[in-house]
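Below you'll find the structure, written out as structure tokens, and then a few comments.
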Amino acid sequence: DGVTQGRGIKCSLCTRVLKKIQALAGDNPDEAAVAAALQKGCRALGRVIGRLCQRLVNKYQDQITEGLQNGDTPRDICSAMGICRS
């Protein structure tokens, strides 16, 4: 159905965004490294996805930061935010 499909697209988008941000933040990132990666990561994804990324980041910045600092996988973080089904 449309809702599930929409969620699937959002989920893959979320994991893609977080993989990018995780790569930019590096291993064991502090808050400043994550914040910088969030800014750079969205810009690196192009205009359309970048805008969606920015919205995601603005809404979930604390959860994303915490997840990355805990070493969670992008999929885990997106599940915790309710975007992906765990």
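From the set of residues in the stretch 10-36 that are assigned to a helix (DSSP H, G or I) and of a type in the set (S, T, N, Q), which is farthest from residue 84 (Cα to Cα)? Quick ask: steps written out before the conclusion?
Within the stretch 10-36, the subset assigned to a helix (DSSP H, G or I) is 10-25, 31-36.
Imposing the further condition that a residue be of a type in the set (S, T, N, Q) reduces the set to 12, 15, 22.
Working: 12: 8, 15: 9, 22: 17 Å.
The selected residue is 22.
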Residue satisfying all of: in the stretch 62-86; open to solvent by 30 Å² or more (accessible area, probe 1.4 Å) and of a type in the set (Gly, Ala, Ser); nearest to residue 34 (Cα to Cα) among these = 71
Return only the number of the condition from (1) open to solvent by 60 Å² or more (accessible area, probe 1.4 Å); (2) under 14 Å from residue 74 (Cα atoms) that residue 40 does not satisfy.
-> (2)
Considering 59, 10, which residue is free of Cβ contacts under 8 Å to residues at least 60 places away in the same chain and open to solvent by 90 Å² or more (accessible area, probe 1.4 Å)?
-> 59
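The values are calculated or read from the model by the stated rules, or taken from the named source; none is laboratory data. Values in this document were obtained by computation on a predicted structure and should not be read as measured data. No Cβ is skipped: glycine too gets one built from the backbone with ideal geometry, and neighbour counts run over all protein chains shown. Surface accessibility is based on the protein's heavy atoms, side chains included, excluding ligands, DNA and RNA. Shrake-Rupley method; radii C 1.70, N 1.55, O 1.52, S 1.80 Å.
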